[in-house]
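To start, the structure under review is shown below, and the notes come after it.
The values are calculated or read from the model by the stated rules, or taken from the named source; none is laboratory data. What you see is a predicted model, and the numbers here were worked out from it, not measured in a lab. Positions of Cβ are backbone-derived with ideal geometry, glycine not excepted, and every protein chain shown enters the neighbour counts.
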């Protein structure tokens, strides 16, 4: 057998599969002496074991996908994939951010253009909102926060190292 044939057989590249020839053993008839059983207590006969399907039939069955095995990935991820950006100028805009969180949207909140005490109040309000919704809030930069509902998972962390540009 050449190397080419070995590779063909190993990777099943042949068009026709060779089925092993099974030799049937000739059995002598066996005479059994049994007492006849009453007709009412008749035992069911055992079924003969099924012969395995040929390889070609099994491959054809595997190639047919069923509708039950198909999953549409576009519809499942489209509902929770929107991220809103918010840069509140006054405390009252925190309610708009909370509404976005209630509709299962992630929100990036930039507090760099608001006074520090107002920013703390907004973060306190959003922390309560996120807690009530079962979501998460994380600091992702200087005065920048990521608020996510329970349908979004945040993975990873950003270090707390801040470089002071003013020298």
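General observations
- Taken together, the criteria exclude residue 128 from residues that are surrounded by 13 or more Cβ atoms within 10 Å (Cβ to Cβ) and in a helix (DSSP H, G or I).
- Pairing each residue of the stretch 130-142 that is closer than 17 Å to residue 157 by Cβ with any residue that is exposed (fewer than 13 other Cβ atoms within 10 Å of the Cβ), provided the two are 6+ apart or on different chains, yields C-beta distances under 7 Å for 140/158; 142/162.
- Residue under evaluation residue 154, criteria (1) in contact (Cβ under 8 Å) with a residue 24 or more places away in the chain; (2) surrounded by fewer than 15 Cβ atoms within 10 Å (Cβ to Cβ); (3) within 29 Å of the chain's Cα centre (by Cα), criterion not met: (1)
- Among the residues listed as 143, 96, the single one being on the phi > 0 side of the Ramachandran plot and either at pLDDT 90 or above or within 24 Å of the chain's Cα centre (by Cα) (or both): 143
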